[in-house]
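Everything on this sheet refers to the single structure shown next.
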Amino acid sequence: MRDAWLAEFVQAGFTVCRGLVDNGLVSNAQFAVKQQLCVDLRDAEDHHIRGWTNRTFVPSLQSDDRLLDLYRLSPLATMCQKLVAPFSIAALERAQLQVRLSEQTTGTMAQPVKHWHCDGVACPHLPEGQLNSFQLLVGVLLSDLPHARGGAVEFRVGGHRAMAEFFRSGQPLPEGAEVPRSVLELPTQAICGAPGDVVISHHLTPHSVGANESSVDRLMVYFRIRVLDHDDIARRQLADPWIRMPNCAAIEEQYR
């Protein structure tokens, strides 16, 4: 089926594309990350690990072409543009590196688990009421991840609909939670795979990340994709997830 990934994205709130980023781009990014990560971790303390987990590991690489090219020089740019067409995507200027450190090799170093959340919505590290949203969350694996216990990111299947319904209701979130209880009743899918595998998720699809019980650090580069006028529709998008994705809205209509 042509563009099956697009239908999967609409239905589940995310889609997984195997081997989408070619080996050359992956190798360049791996080299940059592993080289600098070793330097940064050499003298890292627990508070550094907690800070990087909430923001980004290896901050010096956020604008490095070797990371940005995973998106810019792969099919990802075309796929994301198809999701938001005819609207235009803002220039991508930053990457986020998220590492789930191997508990077998880091010993007592504290890395917090990321509970169910949507980035930039009700996050504890943001001032109350502040929104830091976008349209699409794109993740590219840079390490082998054969099973979920290796620190895999997990998504709630159909969570984008549950989140939109919650925001339309106007209800408050349960105290201390970043998602409503209805989200926790949905099935989950862990994103496992090999370097070059990709997940493209709607911003409203909740995700979480657990501990890495394997012997290998899990490396993943994320990109946050925004349309040019995102700031104008950011609040409305919480209740209307397809406001800048008319192709997706049309597919959604077919399932009703």
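The values are calculated or read from the model by the stated rules, or taken from the named source; none is laboratory data. The structure displayed is predicted, hence computed values, not measured ones. Glycine also receives a Cβ, built like all others from the backbone with ideal geometry; neighbour counts cover every protein chain displayed. For accessibility, only protein heavy atoms count, side chains too; no ligands or nucleic acids. Shrake-Rupley method; radii C 1.70, N 1.55, O 1.52, S 1.80 Å.
Number of residues in the stretch 61-77 that are within 21 Å of Gly120 (Cβ to Cβ), open to solvent by 30 Å² or more (accessible area, probe 1.4 Å) and in contact with a helix residue (DSSP H, G or I) (Cβ under 7 Å, 6 or more places away or on another chain): the value is 0.
Given the structure, is His160 closer than 17 Å to Val138 by Cα and touching a strand residue (DSSP E or B) at 6+ places or on another chain (Cβ under 8 Å)? So His160 passes the test.
Out of the residues in the stretch 141-200 that are more than 25 Å from Cys17 (Cβ to Cβ) and of a type in the set (Gly, Ala, Ser), which is nearest to the chain's Cα centre (by Cα)? Among residues in the stretch 141-200 that are more than 25 Å from Cys17 (Cβ to Cβ) and of a type in the set (Gly, Ala, Ser), the one nearest to the chain's Cα centre (by Cα) is Ala177. Do we find a residue being in a helix (DSSP H, G or I) and at pLDDT 90 or above anywhere in the stretch 90-108? Checking the stretch 90-108: not a single residue is in a helix (DSSP H, G or I) and at pLDDT 90 or above.
On the given criteria, is Phe31 touching a Lys or Arg at 6+ places or on another chain (Cβ under 6 Å) and either aromatic (Phe, Trp, Tyr) or assigned to a loop (DSSP other than H, G, I, E, B) (or both)?
On the way: touching a Lys or Arg at 6+ places or on another chain (Cβ under 6 Å): no; either aromatic (Phe, Trp, Tyr) or assigned to a loop (DSSP other than H, G, I, E, B) (or both): yes.
Here the answer is no, as Phe31 does not meet what is asked.
Scanning the stretch 1-60 for residues that are among the hydroxyl-bearing types (Ser, Thr, Tyr) and more than 17 Å from the chain's Cα centre (by Cα), we see that the one that is least open to solvent (accessible area, probe 1.4 Å) is Ser27.
Considering every residue within the stretch 130-142, establish whether at least one is over 21 Å from Gln62 (Cβ atoms) and among the β-branched types (Val, Ile, Thr). Looking through the stretch 130-142, none of the residues is over 21 Å from Gln62 (Cβ atoms) and among the β-branched types (Val, Ile, Thr). A single entry from Ser27, Ser60 fulfils the requirement of being small (Gly, Ala, Ser), under 21 Å from Pro195 (Cα atoms), out of contact with any Asp or Glu (no Cβ under 6 Å at 6 or more places or on another chain) and modelled with pLDDT of 95 or more: Ser27.
Per the listing Arg224, Arg181, Arg168, Arg156, the residue uniquely on the phi < 0 side of the Ramachandran plot and without any contact (Cβ under 8 Å) to a residue 12 or more places away in the chain is Arg181. Residue pairs whose Cβ atoms lie under 8 Å apart, sitting 6 or more positions apart in sequence or on different chains, and linking a residue in the stretch 72-88 that is basic (Lys, Arg) to a partner that is in a helix (DSSP H, G or I) and surrounded by 14 or more Cβ atoms within 10 Å (Cβ to Cβ), are Lys82/Leu6; Lys82/Asn247. Going by what's in this entry, would Phe9 be described as free of Cβ contacts under 8 Å to residues at least 40 places away in the same chain and in contact with a helix residue (DSSP H, G or I) (Cβ under 8 Å, 6 or more places away or on another chain)? When the stated conditions are applied, Phe9 does not pass them.
Could you check, for the stretch 229-241, whether at least one of its residues is under 18 Å from the mean Cα position of the chain (by Cα) and within 30 Å of Leu101 (Cα to Cα)? Working first, answer last.
Just the residues of the stretch 229-241 that are under 18 Å from the mean Cα position of the chain (by Cα), to begin with: 230, 234, 237-238, 241.
If we keep only those that are within 30 Å of Leu101 (Cα to Cα) too, we end up with none.
No, the stretch 229-241 has no match at all.
Any residue at all in the stretch 238-250 that is out of contact with any Ser or Thr (no Cβ under 6 Å at 6 or more places or on another chain), of a type in the set (Gly, Ala, Ser) and within 25 Å of Asp64 (Cα to Cα)? No, the stretch 238-250 has no match at all.
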